[in-house]
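A.B. asks: Take a look at this one; I'll ask things after.
The values are calculated or read from the model by the stated rules, or taken from the named source; none is laboratory data. As the structure is a computational prediction, the values presented were derived from the model and not from experiment. With ideal geometry, Cβ positions are generated from the backbone for all residues, glycine too; neighbour counts draw on all protein chains shown. Keep in mind that these areas ignore ligands, DNA and RNA; they rest on the heavy atoms of the full protein, side chains included. Shrake-Rupley method; radii C 1.70, N 1.55, O 1.52, S 1.80 Å.
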Amino acid sequence: MRKKAIFLVVLLIASSHFSLSASLTKDLKITVKEKRIRDFSLDGLTLVFYVNIANSSSKAYFLSGYEYRFIVNQADYLQLQTGLEEGIRIEARGETLVAFPIKITYENLFRTIPAMENELHAICNLVGWARFSDGRRERGKLALAFTGDFPIFWKPALQLVRLRVNTLTIGGADIEFEVKFQNKNRFELMVDRISYTLTLAGYEIKKGTIAGDKNIDKRGEKLFSLPLLLNFFDVGKEVFDVLDKSSTQSRFYGVVEVQTVWGRLIIPFEKQELLKITKIP
């Protein structure tokens with residue numbers, strides 16, 4: 001008799017849970033209204049799912065909490081479980097927009113999912129449950145299943161190509177310095193400004209900005225040629241001896257300022273190496 005009573009209680013609880021979930025499914029509808037990338041930087045970004053919760057019933061509901069897994073390229077990146085003490089009110093016969101922000105740092109992404117270190121783009125999924133109450137007790141939960149994507153940003157690679165001396169006299173020199181920027185990303189870099197400093201053997205040769213078209217195509221590269229007229233009274237007479245050699249330690253550094261569809265970036269760069277000096281006979 002006791003076993004039968006316990007069975008009836010369990011059956012009643014299960015039936016009640018099914019009834020509550022069925023009611024939620026009938027009354028509430030969850031859809032993704034927009035996916036947006038915010039706080040885009042060299043270190044990462046925030047991917048936000050803006051979710052619309054429509055309530056077709058005559059009574060208000062409250063979003064009381066949620067739990068989800070955030071999956072990147074079919075591997076777990078993040079798990080989160082959150083309770084909302086006051087709850088978010090979903091008005092009767094109304095709609096409420098709720099944001100689900102996911103902060104992604106590239107360092108943590110590569111550490112958690114090493115396979116992403118060579119990727120340019122990521123496909124992601126948010127899957128889990130949203131819990132609802134009527135303000136007094138829990139009424140059940142509905143599934144969350146959103147799909148999105150986000151870029152993995154790579155700083156432009158820098159290559160020192162050539163240092164050529166066209167003329168060299170006791171008073172100055174006409175030289176040409178060539179440098180190449182390579183864009184690994186799947187999108188064009190809209191470059192506003194490239195500010196640089198060039199030093200040879202520790203001597204500052206030139207500080208300035210690169211003129212002309214500076215945009216770098218997606219998965220492309222751009223060569224910049226910097227013609228420089230040097231006065232040894234300004235840069236130092238020792239630079240004559242530097243340019244008279246077959247090679248010199250060269251350092252090229254500065255910042256690239258770019259515009260992207262997700263915001264503005266200021267990207268530092270630096271390259272230092274022993275560079276061969278070519279001379280016109």
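A.B. asks: Would you please name the chymotrypsin sites (Phe, Trp or Tyr not before Pro) within the range 214-281 that are DSSP coil residues with at most 16 other C-beta atoms within 10 Å of their C-beta?
C.D. replies: none
A.B. asks: Name the residues of the range 162-187 whose amide N is less than 14 Å from a point 7 angstrom out from the Cα of residue 233 along the C-beta direction?
C.D. replies: Counting only backbone N, you get 170-173.
A.B. asks: On average, how much accessible surface per residue is there in the chain, in Å², for a 1.4 Å probe, leaving out ligands, DNA and RNA?
C.D. replies: For the chain, the per-residue accessible area is 57 Å².
A.B. asks: In the range 49-94, which trypsin sites (Lys or Arg not before Pro) are in a loop and have at most 15 other Cβ atoms within 10 Å, using DSSP for the loop call?
C.D. replies: Listed in order of number, the matching sites are 59, 93.
A.B. asks: Could you work out how much longer the chain between residue 82 and residue 190 gets when fully extended? Use 0.36 nm per residue separation minus the Cα distance between them, nm to one decimal.
C.D. replies: 34.9 nm
A.B. asks: What does the extension gain come out to for residue 120 and residue 178, with contour length at 0.36 nm per residue minus their alpha carbon separation?
C.D. replies: Here the answer is 18.1 nm.
A.B. asks: On to the next question. Measure up 180/218; 206/237; 33/218; 155/276; 180/206; 180/214 against 21 Å on the Cα-Cα distance and list the ones that go over.
C.D. replies: Cα-Cα > 21 Å for 33/218; 155/276; rest within.
A.B. asks: In terms of modelled amide H atoms, which long-range or inter-chain residues lie less than 5 Å from the amide H of residue 279?
C.D. replies: 165
A.B. asks: While we're looking at this one, here's another question. Enter the mean projected area of the convex hull around the alpha-carbon atoms of the range 98-246, in nm², rounded to one decimal.
C.D. replies: In nm², the orientation-averaged hull projection of the range 98-246 is 14.6.
A.B. asks: While we're looking at this one, here's another question. Could you run the Karplus curve 6.51 cos²θ - 1.76 cosθ + 1.60 with θ = phi - 60° over the range 151-159 and give me ³J(HN,Hα) per residue in whole Hz, x for Gly and Pro?
C.D. replies: So the Karplus estimates, Gly and Pro as x, are x, 10, 7, 10, 4, x, 7, 10, 10 Hz.
A.B. asks: Another question, if that's okay. Local charge sum around residue 202 (other residues, Cβ-Cβ under 13 Å, Lys/Arg +1, Asp/Glu -1)?
C.D. replies: -2
A.B. asks: Each residue of the range 67-75 in order: what ³J(HN,Hα) in whole Hz does its phi give by Karplus 6.51 cos²θ - 1.76 cosθ + 1.60, θ = phi - 60°, with x for Gly and Pro?
C.D. replies: Running phi through 6.51 cos²θ - 1.76 cosθ + 1.60 with θ = phi - 60° gives 9, 7, 10, 10, 10, 10, 6, 6, 10 Hz.
A.B. asks: Net charge near residue 72: determine it from the other residues with C-beta under 11 Å of the C-beta of residue 72, scoring Lys and Arg +1 and Asp and Glu -1.
C.D. replies: So the environment of residue 72 carries a net charge of -2.
A.B. asks: With charges only on Cβ, +1 for K and R and -1 for D and E, what is the dipole size of the chain about its Cα centre, in debye, rounded to 20?
C.D. replies: Dipole magnitude for the chain comes out near 1420 debye.
A.B. asks: Here's another thing I want to ask about it. Need the list of aspartates and glutamates near residue 222 for cross-linking: C-alpha distance under 14 angstrom, and skip anything on the same chain fewer than eight residues off.
C.D. replies: Answer for residue 222, where 14 Å is the Cα cut-off: 178, 188, 213, listed by chain and number.
A.B. asks: Moving to a separate point now. Can you run phi through the Karplus equation (6.51, -1.76, 1.60; θ = phi - 60°) for the range 223-228 and list ³J(HN,Hα) in whole Hz, with x for Gly and Pro?
C.D. replies: In residue order, the calculated couplings are 9, 10, 10, 10, x, 10 Hz.
A.B. asks: Using a 1.4 Å probe and counting only protein heavy atoms, arrange 161, 242, 261 so the residue with the most accessible area comes first.
C.D. replies: My answer, sorted largest first, is 261, 161, 242.
A.B. asks: Sticking with this one: Suppose we keep just the DSSP beta bridges with both residues in the chain; what percent of those would be antiparallel, to 5?
C.D. replies: 95
A.B. asks: In addition: Amide H neighbours of residue 263 under 5 Å, at least 5 residues apart or on other chains, H built in the peptide plane: list them.
C.D. replies: Residues meeting the criterion, in which the H sits 1.01 Å from N, do not exist here.
A.B. asks: Of all the accessible heavy-atom surface of the range 219-281, with the other protein chains kept in place and a 1.4 Å probe, what percent is carbon and sulfur?
C.D. replies: The nonpolar share, carbon plus sulfur, comes to 54 percent.
A.B. asks: OK, next. Just to be sure I understand the model, the point goes 7 Å from the Cα along the line to the Cβ. What's the resulting residue 166 to residue 217 distance in nm?
C.D. replies: 2.8
A.B. asks: Using the charge dipole of the range 74-152 (Lys, Arg: +1 at Cβ; Asp, Glu: -1 at Cβ; taken about the Cα centre), state which of 102, 132, 152 has its Cα farthest towards the positive end.
C.D. replies: Result: 132, furthest along the dipole toward the positive end.
A.B. asks: Report, in degrees rounded to the nearest 10, the 0 to 90 angle that the Cα long axis of helix 2-27 makes with the longest principal axis of the chain.
C.D. replies: 50
A.B. asks: Under a 5 Å amide H to amide H cut-off, with H placed in plane at 1.01 Å, what residues pair with residue 123 once short-range neighbours are removed?
C.D. replies: Under 5 Å from the amide H of residue 123: 73.
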